[in-house]
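Structure, as C-alpha cells:
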Amino acid sequence: MLPLNDLKVSITHHATPNKKVFPSIPQKNTTETFTTSLNEPVTPKIDQTSNAPQSQLDSEQSPEASNAIQLEGETLETAQEVTNPVATQIQAPRIKIIGPWHPTLITSNLNDLNILPYKRQPAALLTTSDKTPQTYRGALKSVSHLLWQEAIDKELENMHFLKVWEVVDLHEDYKLVGTTWVFKIKRNERNKPIEHKSWLCAQGFMQSMGIDFSKTYAPTGRLNSLRKLVAFACVNKLQFHQIDIKSAFLNAQLKETVYLAVPQGLQLDKQNFCLRLNKAIYRLRQAPLAWYEQLTNWLESVKFSVCTLDPCVFYRAGSTPVWLYIHVDDIGIFSKNTAFFKAEIEK
C-alpha cells in the first residue's frame, strides 16, 4: 500500500478501502511556454511545492521507500520517482538553422545548388524490327509488304492447285463462314528472318455444333506413348526422324457442306459469289478430324495398323518395322531405316 498523505509503503494482507474518498491528483493551473532562444543556455526549471530544501526532502524520505521490497518472489519498486512532488521540467528551445544546409539533407525546393553542372543528353536508341502483322491490311502496309504479298499469293496458288474450293453463286439461305489471314516470320538460330509465311484460316467460332458439324477430334498423341517409343528406340538402337506435313489440312476431304466468304486477296465480287469448300482449311472445327481420317485411310492402305491404347500411334511389322507417332500435322518416325518411309509418304 502507498498512502498519499505520507508516501510510506506498508505491507498488509487485509486492506479495506475507503469508499467515501476517491484518490485523485490535483491539476496544475500553470502552463509552461517555450521561451528559450538559441543563444541562451538551457537551464532546468524546478517547480518546488514546498519551502524545504532539497537535502531536507531527501533526508525525510523513509528507507523503506528508497529500497526495493521483496514480497513472495516478486520485486516491488518504490514509487518515489512517480509520486515525488519535486518535479523537474526542462523547457525545449526553438531550433533555428543558421548557415549552409547539411549535404545529406534533402528538400523539395528548386535550387541551382541542387543541380550538378555537367552536360546532359537524353538516352536514345534507334532500332528497326520487322514485326509480325496481325491483319491483312497491316501486312500490306508494313515495311516488308512485298514479302507478305508474295506469301499470300503463294498460299492462294496452293489452294487453287489442290482444288480446296469452288466458286458458286451466293444465295440468301447460305450460311457463310468468315476468314482471316495469319502471318508468321520463320527465323533461324540467330533470330534472323528467313521466310515469311501466311495461312488462310476460317473463323471457326461462327460454326454451331450439330448444325455445321457433328464431331470434332484433335489428333494429338499421348505423352506417355511418346516416352515409351523414345525408350524403345534407345534400347533397340532405332533411328528417329520428325517430318512436318505441308498443307496437311488442305488434303483432307470434307463430308459436310461449308460455304466460305470471299477472303481478302481474292479478286471476286463478294456481293454475288462465295466459295464452297471441297477440302478442309485451318481453324475449321471439323478440319482436324477430316485430316486424321484421311491420314488413317492412307496408312491402312500401306499395311499400317492403329494402336489399341493410343489411336495416334501406328505400326507396321515386317523386315523393317516402323512406328509412327502423330501430333496434328507432325509425324515422328521410329525405324531401322527412316528414309524408306519418307520416300513412301512423299509419293
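Read-outs throughout are calculated quantities, based only on the coordinates presented, and are distinct from any laboratory measurement. Being a predicted model, the structure only gives us computed values, none of them experimental. Note that we place each Cβ from the backbone using ideal geometry, even for glycine, and neighbour counts take in every protein chain shown.
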The local net charge around LYS303, scoring Lys/Arg +1 and Asp/Glu -1 for residues other than LYS303 whose Cβ lies under 12 Å from its Cβ, equals -1
Long-range amide H partners of LEU260, meaning residues 5 or more apart or on another chain whose placed amide H is closer than 5 Å, are VAL177, LEU275, ARG276, LEU277
The answer for the net charge of residues other than LEU284 whose Cβ lies under 15 angstrom from its Cβ, with Lys and Arg +1 and Asp and Glu -1, is +3
Would you kindly state how much longer the chain becomes between VAL230 and THR257 on full extension, computed as 0.36 nm times their sequence separation minus their alpha carbon distance, in nm to one decimal?
5.6 nm
Listed with the fewest Cβ neighbours within 10 Å leading, CYS307, CYS234, CYS274 appear as CYS234, CYS307, CYS274
Relative contact order for region 136-346, counting Cα pairs under 8 Å that sit 6 or more residues apart, in percent
25
Distance in Å, no decimals, from the C-alpha centre of region 201-222 to the one of region 274-343 is 19
Local charge sum around VAL258 (other residues, Cβ-Cβ under 14 Å, Lys/Arg +1, Asp/Glu -1)?
+3
Can you sort THR16, THR220 by how many other beta carbons sit within 10 Å, fewest first?
THR16, THR220
